[in-house]
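The values are calculated or read from the model by the stated rules, or taken from the named source; none is laboratory data. Model, not experiment: these values are computed from the prediction. Don't worry about glycine lacking a Cβ; one is built from the backbone with ideal geometry, like all the others, and counts go over all protein chains shown. Surface accessibility is based on the protein's heavy atoms, side chains included, excluding ligands, DNA and RNA. Shrake-Rupley method; radii C 1.70, N 1.55, O 1.52, S 1.80 Å.
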Amino acid sequence: MNEVEIKVYYKEEKVTTNLYVEQLSENKFRMIDNDFCNPKLTLGTEFETTVNEKGIYEVERITKESEFITRRFRLTPKHKESDYRILGEELTKRGGFWQVDIGSLATINIPKGFEFDIDKVIKELDLKLVEITE
């Protein structure tokens, strides 16, 4: 895998972020985690870019959607990180991915056909996660 870090500018949000991606060609990349700024750029998503006048990449179009079901949650301070880690470790063992940004926003990537009902697991662990929906 040709992992690189690229700087991406989002016109709509007027924000620039750094992404770690797999470079597929000169201007085509695959996400290797989830972008905090753009909820469409999730694990496995492939996209094409152009380079703007400042030499920063801009996403032109998504060429392949992620094969994962992606959900985002706000973590509550009621639980310690280790409480959430139980869910993350089980998800990872079964081919999923768990990512926490700025200490309180979790993004999970669930493989299609995942053997557990995530909502049921969250309820059984009494995690009280607040789902972020667009």
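A compact table of results
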item	result
For the chain: accessible area per residue (Å², 1.4 Å)	62
Charge-dipole axis of segment 61-120 as Lys and Arg at +1 and Asp and Glu at -1 on Cβ define it, positive-most pick from I102, F68, T92	I102
Loop-resident sites, segment 1-37, for trypsin sites (Lys or Arg not before Pro), counting at most 13 other Cβ within 10 Å (DSSP)	K11, K14
Loop sites in segment 22-86: GluC sites (Glu not before Pro), DSSP, at most 14 other Cβ within 10 Å	E26, E53, E65, E67
Listed pairs K14/K120; K14/K128; K78/K120 exceeding 28 Å between Cα atoms	K14/K120; K14/K128
Karplus 3J(HN,Hα) series, Hz, for segment 67-72 with 6.51 cos²θ - 1.76 cosθ + 1.60 (x for Gly, Pro)	8, 9, 8, 10, 10, 10
Reachable lysines, given that their alpha-carbon falls under 24 Å from the alpha-carbon of K64 and they are not under 8 places away in the same chain	K7, K11, K28, K40, K112
Karplus 3J(HN,Hα) series, Hz, for segment 106-112 with 6.51 cos²θ - 1.76 cosθ + 1.60 (x for Gly, Pro)	9, 10, 10, 10, 9, x, 4
Phi-based couplings in Hz for segment 51-63 (Karplus 6.51, -1.76, 1.60; Gly and Pro marked x)	10, 7, 5, 8, x, 10, 5, 10, 6, 8, 6, 8, 9
Calculated [θ] (222 nm, deg cm²/dmol) that DSSP helices of n ≥ 4 give over the chain, each run adding -39,500 (n - 2.57)	-4500 deg cm²/dmol
Dipole magnitude (debye, nearest 20) for segment 1-45, charges at Cβ of Lys, Arg, Asp, Glu	180
Only Lys, Arg (+1) and Asp, Glu (-1) charged, at Cβ; the chain dipole about Cα centre in debye	300
Tilt relative to the chain, helix 81-93 - C-alpha long axis, 0 to 90 degrees, to 10	70
Cα pair distances of segment 42-134 binned at 5 Å [whole percent]	3, 12, 21, 21, 16, 11, 8, 6, 3, 1, 0
Percent accessible area from carbon and sulfur atoms, segment 65-134, protein chains only, probe 1.4 Å	53
Separation of the V121 and K40 label points, Cα + 7 Å toward Cβ, nm	2.9
Label point 7 Å beyond Cα of Y10 along Cβ direction - residues of segment 20-56 with amide nitrogen under 13 Å	34-42
Prolate/oblate/rounded call for segment 82-134, Cα gyration tensor, a/c under 1.5 rounded	rounded
Residues in segment 86-101 that a label on T17 would reach, taking backbone N under 15 Å of a point 7 Å out along Cα→Cβ	99-101
